[in-house]
Amino acid sequence: MAKCRVFGIDDGLKEVVADGLYMKHLFGERISVSVVKFVEKVGHDLPAKAHVHGEEASLQLVGECTVFEGTGLVDDVAVPMMARSAMIIPAQLSHYGSNRFGQQGVSMRLNVVTPPRPEFGPEDSVPYYPLKDRGGQS
């Protein structure tokens, strides 16, 4: 029988990039939920590369960010997100982002994507994140 699962937003995050990026993710049958936490020490140098996936709801918990609609060109549309704001990103819209850090030196988001993002890997693994200057999946 299916059961509800609860997880702490800022507990048990996996280190993706030392002093820069921490994440965790959870999968349902039709959605994936991820917490993405950038830390100011190294996080300034970790922008996302353009990527596409299913429909995404993103809630900016701490700090701020800018989501860019496009593939990394100078005329891409910039959509700023302030702390405690939310955004819906349509399915298959190419997008990427950059962070602005709050007083705590953190920029943190909660993202819900449907269908689930299989590139994240198993729940107990270090999640994949589409960093601009690293190889890997798009």
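For residue 77, indicate whether it is over 13 Å from the mean Cα position of the chain (by Cα), closer than 20 Å to residue 19 by Cβ and either of a type in the set (Val, Ile, Thr) or loosely packed, with under 15 Cβ neighbours inside 10 Å (or both). So residue 77 does not fit the description; no.
In the range 118-138 there is no residue that is touching a strand residue (DSSP E or B) at 6+ places or on another chain (Cβ under 9 Å), buried (at least 16 other Cβ atoms within 10 Å of the Cβ), more than 26 Å from residue 4 (Cβ to Cβ) and among the small types (Gly, Ala, Ser). Scanning the range 64-82 for residues that are in contact with an Asp or Glu (Cβ under 6 Å, 6 or more places away or on another chain), part of a loop (DSSP other than H, G, I, E, B) and of a type in the set (A, V, I, L, M, F, W, C) yields a total of 1. Determine whether residue 71 is within 16 Å of the chain's Cα centre (by Cα), over 19 Å from residue 121 (Cβ atoms) and surrounded by 13 or more Cβ atoms within 10 Å (Cβ to Cβ). Spelling it out, it is not the case that residue 71 is within 16 Å of the chain's Cα centre (by Cα), over 19 Å from residue 121 (Cβ atoms) and surrounded by 13 or more Cβ atoms within 10 Å (Cβ to Cβ).
Look at residue 56 and say whether it is under 24 Å from residue 41 (Cα atoms) and at pLDDT 95 or above. When the stated conditions are applied, residue 56 does not pass them. Scan the range 91-110 for residues that are out of contact with any Asp or Glu (no Cβ under 6 Å at 6 or more places or on another chain) and either surrounded by fewer than 12 Cβ atoms within 10 Å (Cβ to Cβ) or assigned to a strand (DSSP E or B) (or both) and the total you get is 12. Filtered by the rule that a residue be under 12 Å from the mean Cα position of the chain (by Cα) and free of Cβ contacts under 8 Å to residues at least 60 places away in the same chain, the range 1-52 gives a lone residue, 22. For the range 66-85, the set of residues classified as modelled with pLDDT of 95 or more, more than 18 Å from residue 10 (Cα to Cα) and hydrophobic (A, V, I, L, M, F, W, C) consists of 67, 68, 77, 78, 79, 81, 82, listed by residue number. With respect to being in contact with a strand residue (DSSP E or B) (Cβ under 6 Å, 6 or more places away or on another chain), under 22 Å from residue 101 (Cβ atoms) and outside any strand (DSSP E or B), residue 61 falls outside the description. In this structure, residue 138 does not satisfy being at negative phi, modelled with pLDDT of 95 or more and hydroxyl-bearing (Ser, Thr, Tyr).
The values are calculated or read from the model by the stated rules, or taken from the named source; none is laboratory data. Quantities reported herein were computed from a predicted structural model and do not represent experimental measurements. Please note: Cβ atoms are built from the backbone with ideal geometry, for glycine as well, and neighbour counts cover all protein chains shown.
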